[in-house]
């Protein structure tokens, strides 16, 4: 596996990528070390990805059982690397405990949840956790001041600064599942909190300061040796998440039947001033919920000439389980 300093789409006229939202446990992608939220698929076997996701899917299906080379850009490490893996269905032939089997769902070849997007500015949409008030929902959920960055939620990704605050307001007195990256320990975990104003002095729904903008981007990790392709490093930094039955999960009905992959527009976001502070270095408690690789988004609608049924699932990209406005078009 090679890695080099790069920007997404270097040398390409149009910057298109598949943003990895989740990685299924024990899948070929998981063993290859592909990382959710931070990794973007830029190409396959030296050919750049285009908006024609069906062509990418067909190439993966033709390569079942054969080694392929994916070009993956890491927004966290700001580098482009080659990832070798073998598309296979054997890892998902048997449903895991608690998983609903679908007769019309074909096993995934990669085990990835992805969204078509422009990878430029990928690290702009993060919310930096600052000071945390005692007895607040943020403290109860185990958020770490200055070391934690909110990068998404159970329904998908967030597009702009106001989206996060609107999301919190819409979950007043309701469980909210957030995906949080900790820069001190280089891990992504799932955090469940219940926004409310009934705690302590009731100063805000979360009881913590939030920073957004240029001064609150995720810092680049210190230089490390390249990750192996056998999945050992991946398993150390992405542990299994605890189950927390929130309202979003209670209203989900297995695999989403919608079709379509949304193209994320690129936009410039204003910076937000912040004071300089020293990150909190306290260790994460074992009780913290850590992100578990999961499911996927659906493909774009098939063309009229396609002979595949609209109800047939993609064997490469798995549909996502939680439905939200961010996930479909």
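Taking (1) in contact with a strand residue (DSSP E or B) (Cβ under 9 Å, 6 or more places away or on another chain); (2) closer than 18 Å to residue 39 by Cα; (3) assigned to a loop (DSSP other than H, G, I, E, B) in turn, residue 121 satisfies each apart from (1).
For (1) at pLDDT 95 or above; (2) closer than 27 Å to residue 117 by Cα; (3) within 18 Å of the chain's Cα centre (by Cα), each residue gets a yes or a no:
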position: 129; (1), (2), (3): yes, yes, no
position: 138; (1), (2), (3): yes, no, no
position: 145; (1), (2), (3): yes, no, no
position: 148; (1), (2), (3): yes, yes, yes
position: 152; (1), (2), (3): no, yes, yes
position: 155; (1), (2), (3): no, yes, yes
position: 159; (1), (2), (3): no, yes, yes
position: 163; (1), (2), (3): no, yes, yes
position: 174; (1), (2), (3): yes, no, no
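Could you tell me which of the residues 221, 228, 195 is at pLDDT 70 or above and closer than 17 Å to residue 81 by Cβ? Criteria check complete, one pass: 221.
Residues of the stretch 136-188 that are more than 18 Å from residue 202 (Cα to Cα), free of Cβ contacts under 8 Å to residues at least 60 places away in the same chain and part of a loop (DSSP other than H, G, I, E, B): 186 alone.
The lone criterion from (1) closer than 30 Å to residue 196 by Cβ; (2) at pLDDT 95 or above; (3) out of contact with any helix residue (DSSP H, G or I) (no Cβ under 9 Å at 6 or more places or on another chain) left unmet by residue 71 is number (1).
The values are calculated or read from the model by the stated rules, or taken from the named source; none is laboratory data. Model, not experiment: these values are computed from the prediction. All Cβ positions, glycine included, derive from the backbone under ideal geometry; neighbour counts span all protein chains shown.
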